[in-house]
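What follows draws every value from the coordinates through simple rules; no lab data is involved. Please read these numbers as outputs of a predicted model, since none were measured by experiment. Heads up, the Cβs are rebuilt from the backbone with ideal geometry, glycines too, and the neighbour counts pull from every protein chain shown.
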Amino acid sequence: MAEVPEEQVRTPTKAGKTVQQGIDATGEGRAARRDEAVRAAVRQGLLGHGVVGLLDVTGIRESAAELRAAFEAVSAPGAPVLHAFAVKATPLVPVLRLLHEAGIGAEVASPGELALARAAGVPPDRIVLDSPAKTPQELREALLLGIAVNADNPQELARIDAAVRAAPSPAPLGLRVNPQIGGGTIEATSTATETSKFGVALRDEGAREWVVRAYLDRPWLTRLHAHTGSQGIPLSLMARGAAETYGLAEEINARAGRRQVDTLDIGGGLPVNFYSDATTPTYAQYARLLREEVPGLFDGRYGLVTEFGRSLLAKHGTTLARVEYAKSAGGRRVAVTHAGVQVAARTVYVPGAWPLRIAAYDAEGRPKTGPEVVQDIAGPACFSGDLLAQARALPLLEQGDHAAALDTGAYCFASHYAYNSLFRPGIYGFAPDGAGGVAFVTVREPQTVEEIVSESGGAHVTALTTLGASPRR
C-alpha cells in the first residue's frame, strides 16, 4: 500500500456540489463526501488488504453538534447535560478524541474501553462506567479516579459499600434499574425486557422497595440509570423508559424528603435508518418527545446523562472492499469481496435484523451505473453464509470493481471478528482539504501478518509440545 495515508489527497469535487452546513437530514451532503472519498481512497491505494474503513469527520462533527443542540433546545438554561458516547460502538482512540473536542464524553463498559477513553484525553468527570460484570479492581480504579459508576445489582452495590467505607470517593454513584417495559424488534439488543440481564428488575416482587431503601440507606447514591433503547426500539418505548426512571427518582426523593437523586442517566439507543441516506429519527425529534412525555426531566431539577453510540457514528462510516472475483452460481451472480463477517458479523449472522445498504463503484472508485442485476455480495470467510447482501439488485459488479457497505461507522469495521484470521482493515478519517480535494488521516493501521501470528500465540510456539513431555534420554 502506498505510504500516503497521513498526506492530503486531492480529487476533483462534483460540479456544483458544496458541503451542506448544519443538519443534513436527507444525507445528500454526506453521500457526496462519501463518493469523493471512495474515489480518492482507490486512487491512493488505501485498500491494502482489499478492504478499508472510511470515516467522515465532517459528518461526525455535525452529529455531535446536532445532539448537543437538540437537548439544549428543550433543557432549562444552565441544566447540566453530559452526552457520553458509548465506546463499544466505535472503540477507536482518535474517534473518542474527536468527540471529546466536540463536547461529547465517554460511556465505558470494560477496563479496555476505559483505557481507550483515557488515552483519548477524556477527563474522568466526563466518563461513565456501566457494565454488568465489574470486578473489584475496576470499581476501585473508577472510584479513585472520580469516574461516575452505575452499579448493576445488589452484589455490586455491596462491593461499592465496602469501598466507600474504606475510602470516601468523589465519584458520582448510582444504580441501574430495568423498568421491564418490553422489547423491540431485535430481541438480542432489547434491554428492558422482563428477563434482561441488565440492572435491578423493578417489577420483580419487592424490587422497587429494595431500590428505594437502598437510596435511603446511602446518601451518597445520587444517580439513577436505565437504558431502554437500542436498534429496533421505537421512540415511544424509549420515552416510556425515561418516564419510568423519572417517576422512580421522584419517589425516592419524596421518601428521602430531599433531592437525593440529582442526575438521571437515560442511556442512548436512538435507532438508525439503514435503508437510505436520510437521518431518521433525529435527536431533535427524540428530545422533543421526551420533553412532551417527561417535562420534569428538563425543568432544571435534574442533571441529565445520555449514552448514544450507533446514532452518532453509523452513518459516517463506509466499508469499501475490492471485488476479487465475479462468478455465477445457480444462475445468480456473485461478487466475492474482502468484506464479510470480519467487519459486519451481525449482518452476516442475522441479516434480517441488521441489513446493510451496498453501493457499487467501478475499478476507479466512481459510482457504477447500468442495468441492475440481482447478485450476492460475498465476503472472504470460508463458510457459505458469509454474505453482506443476498439477492441484491445493483449495477453488475465485476472483477476489480468495488462494493461499499454503507452506514458501517458503528459496530462494524472497528469491532473486528477474527474468523479465518482475516486482517483487521485499516481505518482512515477523511474531510475536505479546503482546496477542492479530500484529506485522509490514519485512524488505525491495517493489521499485518506478523501481528496476527503474535496475537495467536506466536511467541509460545513450543508451549504445548514441551508441557509434560518426558525428558529425552
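Between Val449 and Ala278, what is the FRET efficiency for a Förster distance of 41 Å, r being their Cβ-Cβ separation, to the nearest 0.05?
Working: r = 41 Å, r/R0 = 1.00.
With a Förster radius of 41 Å, E is 0.50.
Going by average Cβ density within 10 Å per residue, which order do the peptides 95-108, 376-389 take, highest to lowest? Could the numbers behind the result be given before it?
Working: 95-108: 22.4, 376-389: 19.0.
Sorting 95-108, 376-389 by mean packing, highest first, produces 95-108, 376-389.
Of the listed peptides 84-92, 170-178, what is their order by residue-averaged count of other C-beta atoms within 10 Å, with the highest listed first?
Ranked by mean Cβ neighbours within 10 Å, highest first: 84-92, 170-178.
Cα axis of helix 28-43 to longest principal axis of the chain: angle in degrees, 0 to 90, nearest 10?
Value to nearest ten degrees: 50.
What is the chain's relative contact order, in percent, from Cα pairs under 8 angstrom and six or more apart in sequence?
Contact order relative to length: 20 percent.
Separation between the Arg203 and Val374 pseudo-spin-labels, each 7 Å from Cα along Cα→Cβ, expressed in nm?
According to this spin-label approximation, the distance is 4.3 nm.
Label-point separation (nm) for Ala115 and Arg255, each offset 7 Å from Cα along Cα-to-Cβ?
Taking the simple label geometry, Ala115 and Arg255 are separated by 4.0 nm.
What angle, in degrees between 0 and 90 and rounded to the nearest 10, separates the Cα long axis of helix 283-293 from the longest principal axis of the Cα atoms of the chain?
The answer is roughly 30 degrees.
Return one number: the angle in degrees, 0 to 90 and rounded to the nearest 10, between the long axis of the Cα atoms of helix 154-166 and the longest principal axis of the Cα atoms of the chain.
Tilt of helix 154-166: around 70 degrees.
Just from its helices, what would the mean residue ellipticity at 222 nm be for the chain, if runs of 4 or more DSSP H residues each count -39500 (n - 2.57) and the sum is divided by every residue, rounded to the nearest 500 deg cm²/dmol?
Here the helix-only value at 222 nm equals -8500 deg cm²/dmol.
Arg332 to Arg61: FRET efficiency via 1/(1 + (r/R0)^6), r the Cβ-Cβ distance, R0 45 Å, to the nearest 0.05? Working shown, then result.
On the way: r = 41 Å, r/R0 = 0.92.
FRET efficiency, Arg332 to Arg61: 0.65.
Give a residue-ordered list of calculated ³J(HN,Hα) values for segment 368-383 (Karplus: 6.51 cos²θ - 1.76 cosθ + 1.60, θ = phi - 60°; whole Hz; x for Gly, Pro).
Values per residue, Gly and Pro as x: 8, 10, x, x, 7, 10, 6, 8, 9, 10, 9, x, x, 6, 8, 8 Hz.
Please list the non-local residues whose amide H lies under 5 Å from the amide H of Val334, H modeled 1.01 Å from N, same-chain partners needing a gap of 5 or more.
Lys327, Ser328, Ala329, Asp376
Estimate the FRET efficiency between Leu144 and Leu396 by the formula 1/(1 + (r/R0)^6), using the beta-carbon distance for r and 51 Å for R0, to the nearest 0.05.
It comes out at approximately 0.30.
5 Å is the cut-off here: which amide hydrogens, built 1.01 Å from N in the peptide plane, fall below it relative to Gly303, excluding neighbours closer than 5 in sequence?
For Gly303, whose amide H was placed from the backbone, the distant partners under 5 Å are Thr263, Leu264.
Over segment 58-313, what per residue volume does the convex hull of the Cα atoms give, in whole Å³?
118 Å³
Any idea what the relative contact order of segment 47-178 is, in percent, if you count C-alpha pairs under 8 Å spaced at least 6 apart?
Taking the mean separation of contacting Cα pairs over the length of segment 47-178, I get 17 percent.
Fully extended, how many nm does the chain gain between Cys382 and His416 (0.36 nm per residue separation, minus their Cα-Cα distance)?
10.6 nm
Give me a comma-separated list of calculated 3J(HN,Hα) values for segment 98-112, in order, Karplus coefficients 6.51, -1.76, 1.60 applied at θ = phi - 60°, integers in Hz, x for any Gly or Pro.
Using θ = phi - 60°, the values come out as 4, 5, 4, 5, 8, x, 10, x, 9, 9, 10, 9, 6, x, x Hz.
Placing unit charges on C-beta atoms (Lys and Arg positive, Asp and Glu negative, everything else neutral), compute the dipole magnitude of segment 58-313 about its Cα centre in debye, rounded to 20.
440 debye
Under a Cβ-only charge scheme (Lys and Arg +1, Asp and Glu -1), can you give me the dipole magnitude of the chain about the Cα centre, in debye to the nearest 20?
Dipole size: approximately 300 debye.
Would you pull out the residues with amide H under 5 Å of Gly267's amide H, same chain only if 5 or more places away, H placed 1.01 Å from N?
Ala226, Glu307
Spelling out what I want: for every residue of segment 248-254, take phi, set θ = phi - 60°, compute 6.51 cos²θ - 1.76 cosθ + 1.60 (Karplus), and round to whole Hz; glycine and proline get x.
5, 4, 4, 5, 4, 5, 5
Under a point spin-label approximation (7 Å from Cα along Cα-to-Cβ), what is the Ala133-Ala162 distance to one decimal in nm?
Label-label distance for Ala133 and Ala162, simple model: 2.0 nm.
Mind checking the full-extension length gain between Ala363 and Ala435? Use 0.36 nm per residue of separation minus the Cα-Cα distance, one decimal, nm.
Residue separation times 0.36 nm, minus the Cα-Cα distance, leaves 23.4 nm.
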